[in-house]
1. Return one number: the angle in degrees, 0 to 90 and rounded to the nearest 10, between the long axis of the Cα atoms of helix 2-24 and the longest principal axis of the Cα atoms of the chain.
2. Mind checking which of Arg55, Arg33, Arg47 has the largest fluctuation in a GNM of the chain, springs on alpha carbons under 10 Å?
3. Out of the total accessible area of the chain (probe 1.4 Å, heavy atoms of protein only), what percent is carbon and sulfur?
4. Out of Asn3, Thr36, Val14, whose Cα points farthest toward the positive end of the dipole of the chain (charges: +1 Lys, Arg; -1 Asp, Glu; placed on Cβ)?
5. For helix 29-63, what angle does its Cα long axis make with the longest principal axis of the chain, in degrees from 0 to 90 and rounded to 10?
6. Can you compute the charge dipole magnitude of the chain about its Cα centre, using +1 on each Lys and Arg Cβ and -1 on each Asp and Glu Cβ, nothing else charged? Give it in debye, rounded to the nearest 20.
7. Please find, in a Gaussian network model of the chain (springs between Cα atoms separated by less than 10 Å), the residue of Leu21, Leu39, Leu11 whose mean-square fluctuation is greatest.
Amino acid sequence: MINLLLLGVVLLAVGGCACVLWAERGGPRWVRRVATVTLAASELVRRAEKRRRRRERRSMTGKTSGHD
């Protein structure tokens, strides 16, 4: 079951990337909409990853206080 879910996510990602490329070349309106949603979702993921890395760095510097 989990394999089908992962396969679905991969297919959505590949389809979104294809729509982004097609929209760059002037595809139909629905392709441009899918491309916009795909790019917005990727931006959300990128920002979330950036926040997660910042939190990890802060927690790492808080644990290394210099006391042995």
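1. Tilt of helix 2-24: around 60 degrees.
2. Highest fluctuation of the listed residues: Arg55.
3. Roughly 64 percent, rounded to a whole number.
4. Among Asn3, Thr36, Val14, the one farthest towards the positive end of the dipole of the chain is Thr36.
5. Its long axis makes an angle of about 10 degrees.
6. Numbers: 15 positive and 5 negative charges, 70 e Å.
So the dipole magnitude of the chain works out to roughly 340 debye.
7. Leu11
The values are calculated or read from the model by the stated rules, or taken from the named source; none is laboratory data. Quantities reported herein were computed from a predicted structural model and do not represent experimental measurements. All Cβ positions, even for glycine, are placed from backbone atoms using ideal geometry, and neighbour counts span all protein chains on display. These area figures cover heavy atoms from the full protein model, side chains too; ligands, DNA and RNA do not enter into them. Shrake-Rupley method; radii C 1.70, N 1.55, O 1.52, S 1.80 Å.
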